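Written below as structure tokens is the structure these notes are about.
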Amino acid sequence: MVVTIQPSEIKGSIQAPASKSYMQRGCAASLLFKGITIIRNPGHSNDDKSALGVIQDMGAVVQQLSDGSLQITGGGVSPDCDAVNCGESGLGIRMFTPIISLSNKRITINGEGSLVTRPMDFFDEVLPQLGVEIISKEGKLPLQVRGPLQPKNITIDGSLSSQFLTGLLFGYAASNAKDVTITVDNLKSKPYIDLTLTVMKQFGWEVENRNYEQFHFTGTTKPSASTITYTVEGDWSGAAFLLVTGAIAGDIVVKGLDVQSTQADRAVLQALQACGAKMSIQSEQIEIGPAALKAFQFDATECPDLFPPLVALAAYCKGTTVIEGVTRLTHKESNRALTLQEEFGKMGVEIELQDNLMLIKGGNGLKGAAVHSHHDHRIAMACAVAALKASGETVISEAQAINKSYPDFYEHIEQLGAQVRKEDSSKQKA
């Protein structure tokens with residue numbers, strides 16, 4: 001799909017999308033919970049759909065209720081197939097692999113798109129220590145696993161991603177781990193582990209967090225209720241693009257966000273305050289609008305998904321913005337440091353990379369350009385947001401990449417006044 005964005009006046013109110021971080025964790029917990037889970041405000045991104053597909057393959061029964069909620073009947077891992085597909089979800093593959101390893105059946109785990117090139121050596125090293133047979137394609141997908149996973153005291157490297165730890169935490173809890181500890185060296189993205197532990201606690205699994213260096217299981221605490229209602233929070237990752245839209249292009253109101261959330265990307269508020277955006281943070285909504293924006297400094301090591309929206313913001317901030325955490329961008333849907341540098345360069349924004357730092361020279365005006373998403377949802381959204389105040393139209397190729405996390409994005413910015421034209425790329429070629 002090709003999307004064309006014209007410079008636009010933005011105004012209005014919009015509801016934040018559902019958090020895929022919460023939705024996917026809720027799916028995992030619903031599979032493992034021995035009872036019924038009602039998921040309210042479920043997401044419908046490609047990653048969410050992949051998670052639902054995996055838990056159904058692993059034995060869960062999923063029904064849609066008349067109010068749009070989902071009813072999931074779990075009971076543990078009981079696969080009725082010998083292969084699953086995690087789509088393009090990095091969280092999905094890393095979280096579900098230890099969970100799938102609870103089964104004594106050999107299961108092949110597949111993925112799509114950039115996921116097939118992402119490193120999975122972690123599992124080759126760790127799962128055999130837990131009694132799981134694993135075969136990979138030299139540390140890449142597809143994976144073949146056969147359990148059952150047996151919790152033991154282990155030490156893991158947390159420097160690449162916290163998502164591997166999330167999977168192990170779920171796997172240990174579902175195995176009724178007792179008196180065992182996962183020790184983690186150099187854990188990144190700690191807020192995402194807070195999120196995991198919050199979800200696990202809601203489903204009755206208690207884990208002792210010892211300063212993010214050790215996670216100790218004293219014995220699974222099972223809830224007495226046979227039915228759990230789980231509400232998916234608004235997504236700060238997707239909403240970050242809406243908030244930046246308001247900061248650069250017009251007064252808007254974003255609803256449905258929990259300002260006390262454990263989601264890492266809530267930190268976007270710090271960047272917006274630092275650059276001088278006009279903003280009012282309330283319990284039910286955030287009002288935000290343009291102001292004289294100035295360059296800012298921000299450490300995105302714990303929230304690397306904020307790089308794309310913050311680059312769009314920095315492009316309109318006078319001076320040189322410095323964002324730390326570039327090393328976290330290599331193994332995403334694209335190498336985001338290089339992709340942001342390339343695509344924003346086409347729009348006239350100079351981005352310099354210095355080791356772990358990204359320097360964005362902003363405030364000089366942007367020009368419309370032909371850009372490419374690199375099949376990366378956050379790159380597509382960042383370019384679309386930046387285009388709203390550029391001179392001339394911006395044409396985004398492979399714009400459908402947004403479906404991975406925020407399929408309603410173009411419709412949402414249209415509701416706020418953005419001039420958006422969508423074309424099927426195959427028809428365009430014809």
Percentage relative contact order, the chain, counting C-alpha pairs under 8 Å, at least six apart:
20 percent
Taking the Cα centre of each part, how many Å lie between region 297-319 and region 30-60?
32 Å
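Tell me which GluC sites (Glu not before Pro) from region 228-296 have a DSSP coil assignment and no more than 13 other beta carbons within 10 Å of their own.
Within region 228-296, the qualifying GluC sites (Glu not before Pro) (loop, at most 13 other Cβ atoms within 10 Å) are 284.
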Cα-based Rg then Dmax for region 3-74, in Å, read 15.6, 52
Looking at (1) 148; (2) 220; (3) 137, which value of volume of the Cα convex hull per residue in Å³ comes from a calculation on the structure shown?
(3)
From phi via Karplus (6.51, -1.76, 1.60), per-residue ³J(HN,Hα) for region 278-290 in Hz, x at Gly/Pro
7, 8, 10, 9, 10, 5, 9, 7, 10, 9, 8, x, x
Rounded to whole angstrom, the alpha-carbon centroid of region 238-279 lies from that of region 326-399 at a distance of 19 Å
How many Å² of accessible area per residue for the chain, probe 1.4 Å?
38 Å²
Calculate the radius of gyration of the Cα atoms of region 290-430 to one decimal place, then report Dmax, the largest Cα-Cα distance, as a whole number, both in Å.
14.6, 46
Under a crude label model (7 Å from the Cα following the beta-carbon direction), how far is residue 64 from residue 80 in nanometres?
1.9 nm
Counting each DSSP H run of 4 or more residues in the chain as -39500 (n - 2.57), what helix-only mean residue ellipticity at 222 nm follows after dividing by all residues, to the nearest 500 deg cm²/dmol?
-9000 deg cm²/dmol
Report the FRET efficiency, 1/(1 + (r/R0)^6), for residue 414 and residue 331, where r is their Cβ-Cβ distance and R0 is 41 Å, rounded to 0.05.
0.80
Just to confirm the filter: which trypsin sites (Lys or Arg not before Pro) across region 3-87 are DSSP coil and have at most 15 other Cβ within 10 angstrom of their Cβ?
11, 34
Rounded D (µm²/s) - region 351-410, Kirkwood Rh over Cα pairs, Stokes-Einstein at 25 °C, 0.890 mPa s
195 µm²/s
Contour minus Cα-Cα distance for residue 258 and residue 105 (0.36 nm per residue):
51.0 nm
Cα-projected label distance for residue 140 with residue 355, points at 7 Å along beta-carbon direction, nm
3.1 nm
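What FRET efficiency comes out for residue 133 versus residue 154 if R0 is 22 angstrom and r is the Cβ-Cβ distance? Round to the nearest 0.05.
On the way: r = 17 Å, r/R0 = 0.76.
About 0.85, to the nearest 0.05.
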If you rank 94, 210 by how much accessible surface each has, with a 1.4 Å probe, what is the order from largest down?
210, 94
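Can you give the local net charge around residue 390? Use residues other than it whose beta-carbon is closer than 12 angstrom to its beta-carbon, Lys and Arg +1, Asp and Glu -1.
+2
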Share of carbon and sulfur in the accessible heavy-atom surface of region 113-246 [1.4 Å probe, %]
44 percent
Report, to the nearest whole %, how much of the accessible area of region 1-87 belongs to carbon and sulfur atoms, 1.4 Å probe, protein only.
46 percent
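The values are calculated or read from the model by the stated rules, or taken from the named source; none is laboratory data. Bear in mind the structure is a predicted one, so any value in this text is a computation, not a measurement. Note: ideal-geometry Cβ built from the backbone for every residue, glycine included; neighbour counts use all protein chains shown. All accessible areas refer to the heavy atoms of the entire protein, side chains included, with ligands and DNA or RNA removed. Shrake-Rupley method; radii C 1.70, N 1.55, O 1.52, S 1.80 Å.
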